[in-house]
Amino acid sequence: MAANDNRHVITVADRAAMAATAAEHLLAITAANSGRVAICLTGGSSPKQLYQLLATDAYRSRIPWQRVHWFIGDERFVPADDPLNNMGMARSLFLDRFAPAANIHPIPTATADPADPDRGAALYEQELQSFYGADTLDEARPLFDLVLMGIGPDGHTASLFPDDPALGETSRWVVGVPKANVEPFVPRVTLTLPALTSCHEMLFEISGRDKRAILTRLFAGENLPANRARSTGETVWLVDRAAIPENFGGQ
Ligand code: 6PG
């Protein structure tokens with residue numbers, strides 16, 4: 001599937017402005033589709049404020065909950081109620097209060113065997129393919145309306161780590177990751193680039209001073225996972241002022 005080279009970098013003042021901008025993107029993407037909407041969420045700390053915002057009256061009243069389905073781009077092998085569980089965080093911050101249970105699609109790491117992360121991955125791939133109605137992705141019909149992403153200090157995104165074979169996957173939609181590059185050092189399950197990039201919009205949230213070093217490398221064009229994750233539609237990087245490298249001249 002051909003990825004799109006267009007990437008728009010939008011600078012926002014701070015985390016609060018980032019959450020508000022991301023929420024507006026989510027609402028616009030949802031409004032653009034009058035049928036069933038598929039949103040792939042992300043873990044990490046960056047989306048927390050967005051998830052909290054979506055639970056407020058001003059936003060939750062604008063989400064057509066009955067027709068929006070929520071997926072997750074990667075998951076750690078931790079219990080479902082562990083604060084480090086990515087979907088668990090989204091559930092506790094907003095989903096469990098408003099989304100129909102059948103519209104929430106967690107990766108089954110809480111019940112699958114951490115010694116065999118590919119098994120959990122295969123189960124989630126089946127779930128995605130059954131939702132999509134085919135086991136081959138059609139560029140004219142993206143899997144997701146919106147994919148949220150974050151960037152780790154080593155340039156990883158989802159649980160696609162630099163130099164990991166998962167990064168080069170071209171056919172499977174979901175794979176097991178036996179060893180993580182960053183904390184928590186537990187096995188993971190991650191969607192692959194073919195699945196993640198099959199979307200109308202891929203929206204990254206990148207905030208905080210400690211993201212400057214990796215952003216400098218990414219803007220210089222290093223071949224890192226976050227630079228390889230480009231939607232077949234639009235790719236947007238929301239970056240707050242604290243994260244913007246000093247010599248950033250715009251992209
Ligand atoms: C994960 C995430 C991961 C995350 C980045 C950024 O499960 O670890 O999906 O890809 O998005 O590491 O994390 P922060 O938002 O905490 O900086």
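The values are calculated or read from the model by the stated rules, or taken from the named source; none is laboratory data. These numbers were taken from a predicted model, which means no experiment stands behind them. No Cβ is skipped: glycine too gets one built from the backbone with ideal geometry, and neighbour counts run over all protein chains shown. For the accessible areas, the whole protein counts, side chains as well, though only heavy atoms, and no ligand, DNA or RNA atoms are used. Shrake-Rupley method; radii C 1.70, N 1.55, O 1.52, S 1.80 Å.
Can you pull out every residue in segment 100-122 that is under 12 Å from Phe71 (Cα atoms) and either assigned to a loop (DSSP other than H, G, I, E, B) or touching a helix residue (DSSP H, G or I) at 6+ places or on another chain (Cβ under 6 Å) (or both)?
Hits for segment 100-122 are Ile104, His105, Pro106, Ile107, Pro108.
Kindly check whether there is at least one residue in segment 208-223 that is within 27 Å of Ala115 (Cα to Cα) and of a type outside the set (Val, Ile, Thr).
Keep residues of segment 208-223 that are within 27 Å of Ala115 (Cα to Cα), which gives none.
The answer is no, given that none of the residues of segment 208-223 is within 27 Å of Ala115 (Cα to Cα) and of a type outside the set (Val, Ile, Thr).
From the residues in segment 46-74 that are touching a residue at least 60 places away in the same chain (Cβ under 8 Å) and under 25 Å from Val175 (Cβ atoms), which one is farthest from the ligand (Cβ to nearest atom)? Quick ask: steps written out before the conclusion?
Of all residues in segment 46-74, those touching a residue at least 60 places away in the same chain (Cβ under 8 Å) come to 46-47, 50, 69, 71, 73-74.
Now drop any that are not under 25 Å from Val175 (Cβ atoms), which leaves 46-47, 69, 71, 73-74.
Numbers: Ser46: 3, Pro47: 7, His69: 19, Phe71: 12, Gly73: 6, Asp74: 5 Å.
In this case the residue turns out to be His69.
Could you list, ordered by first residue, the pairs with Cβ atoms under 8 Å in which the first is in segment 79-101 and under 24 Å from Ala58 (Cα atoms) and the second is of a type in the set (A, V, I, L, M) and open to solvent by 40 Å² or more (accessible area, probe 1.4 Å), at least 6 apart or interchain?
Final answer for the pair search is Met87/Ala80; Gly88/Ala80.
Name the single residue, out of those in segment 168-194 being open to solvent by less than 10 Å² (accessible area, probe 1.4 Å), within 12 Å of Ala122 (Cα to Cα) and not β-branched (Val, Ile, Thr), that is nearest to the ligand (Cβ to nearest atom).
Leu191
What do you reckon, is Pro165 of a type outside the set (Val, Ile, Thr), open to solvent by 20 Å² or more (accessible area, probe 1.4 Å), on the phi < 0 side of the Ramachandran plot and within 16 Å of the ligand (Cβ to nearest atom)?
no
Scanning segment 214-251 for residues that are open to solvent by 70 Å² or more (accessible area, probe 1.4 Å) and touching a residue at least 60 places away in the same chain (Cβ under 8 Å), which turns out nearest to Thr192 (Cα to Cα)?
Keep residues of segment 214-251 that are open to solvent by 70 Å² or more (accessible area, probe 1.4 Å), which gives 217, 220, 222-223, 228, 234, 241, 246-247, 249, 251.
With the extra rule that they be touching a residue at least 60 places away in the same chain (Cβ under 8 Å), the set shrinks to 217, 222, 228, 234, 241, 251.
Details: Arg217: 22, Glu222: 19, Arg228: 11, Glu234: 18, Arg241: 30, Gln251: 26 Å.
It comes out as Arg228.
Just to verify a result, which residue in segment 133-154, among those that are more than 14 Å from the chain's Cα centre (by Cα) and within 16 Å of the ligand (Cβ to nearest atom), is surrounded by the most Cβ atoms within 10 Å (Cβ to Cβ)? Break it down into steps so the answer makes sense when it comes.
Narrowing segment 133-154 to residues more than 14 Å from the chain's Cα centre (by Cα): 133-142, 153-154.
Keeping just the survivors that are within 16 Å of the ligand (Cβ to nearest atom) gives 153-154.
Details: Pro153: 11, Asp154: 15.
Per the stated criteria, the residue is Asp154.
For segment 170-207, which residues satisfy the criterion of being of a type outside the set (Gly, Ala, Ser), within 17 Å of Asp138 (Cα to Cα) and part of a loop (DSSP other than H, G, I, E, B)?
Listed by number, the residues that qualify are Thr170, Arg172, Trp173, Thr192, Thr197.
I'd like the full set of residues that are closer than 26 Å to Tyr132 by Cβ and surrounded by fewer than 20 Cβ atoms within 10 Å (Cβ to Cβ), limited to segment 16-38.
Of everything in segment 16-38, those that are closer than 26 Å to Tyr132 by Cβ and surrounded by fewer than 20 Cβ atoms within 10 Å (Cβ to Cβ) turn out to be His25, Leu27, Ala28, Thr30, Ala31, Ala32, Asn33, Ser34, Gly35, Arg36.
Counting only residues that are under 18 Å from the mean Cα position of the chain (by Cα) and either at pLDDT 95 or above or crowded, with 20+ Cβ neighbours inside 10 Å (or both), which one in segment 100-119 is farthest from Thr190 (Cα to Cα)? Before you say what the answer is, go through the steps one by one.
From segment 100-119, those under 18 Å from the mean Cα position of the chain (by Cα) are 103-109; that's our starting set.
Those still in the list that are either at pLDDT 95 or above or crowded, with 20+ Cβ neighbours inside 10 Å (or both) too: 103-107, 109.
Numbers: Asn103: 20, Ile104: 17, His105: 14, Pro106: 12, Ile107: 9, Thr109: 11 Å.
Residue satisfying both the conditions and the ranking: Asn103.
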